[in-house]
Amino acid sequence: MEIDAAKTELSKAWKKVKETEKYGLDFGEKYLEWSKKLSPPDLAHICSALEIDLNIAGWWAARYLDVSGFKKPKKEARINRSEPPDSFEPIRKLAIQMLNKGFDLLWSTGQGDRSQLSSAKAWAYGKLKEQEDHSNE
């Protein structure tokens with residue numbers, strides 16, 4: 001009996017989607033409701049009988065969740081991502097450490113023109129100092 005009710009309700013909602021996409025969210029809501037009540041094979045059978053692509057049905061259900069505010073935020077995919085610091089100072093200090101190590105490595109191995117290395121280091125320190133000044137404003 002429940003399957004007949006689901007088929008009727010989904011059929012009506014799908015007809016509205018076919019007429020105008022405006023009602024796709026209504027279909028998404030109905031599909032979501034029935035996906036909680038029926039088994040996946042039963043729901044797939046109903047969608048197949050109504051010629052509803054399961055990917056499209058799932059898309060409308062996800063769209064309904066998103067628009068309605070029910071969708072959970074996605075987990076950060078980049079595992080090495082951290083919270084941004086409250087100030088620029090920790091990043092500036094790290095940048096200076098990187099600058100010093102890189103400069104020391106290039107200087108000790110004789111890579112590059114030493115005059116240009118010194119100029120590049122002075123320029124980078126100046127840029128970091130500008131950032132420090134702007135972050136204190």
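Here, each number is a calculation from the coordinates, and none is a lab measurement. Computed from a prediction, not measured in an experiment: that's the story for all the values here. Counting neighbours? That spans all protein chains shown, and the Cβs are built from the backbone with ideal geometry, glycine included.
Summary of values
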quantity: Cβ-based charge dipole, region 89-135, positive-most Cα from Leu99, Gln111, Gly126; calculated: Gln111
quantity: Residue-count net charge about Ala49 - beta-carbon cut-off 12 Å; Lys, Arg +1, Asp, Glu -1; calculated: -2
quantity: Formal net charge of residues neighbouring Lys7 (Cβ-Cβ distance under 13 Å; K, R +1; D, E -1); calculated: -1
quantity: Spherically averaged projected area in nm², based on the convex hull that wraps the Cα atoms of region 1-67; calculated: 3.9
quantity: Positive minus negative residues near Trp123 (Lys, Arg vs Asp, Glu; Cβ under 13 Å); calculated: +2
quantity: Rounded if a/c under 1.5, otherwise prolate or oblate - region 89-135, Cα gyration tensor axes; calculated: oblate
quantity: Where Cα atoms sit under 20 Å apart: lysine pairs in region 2-68 separated by 8 or more or lying on different chains; calculated: 14
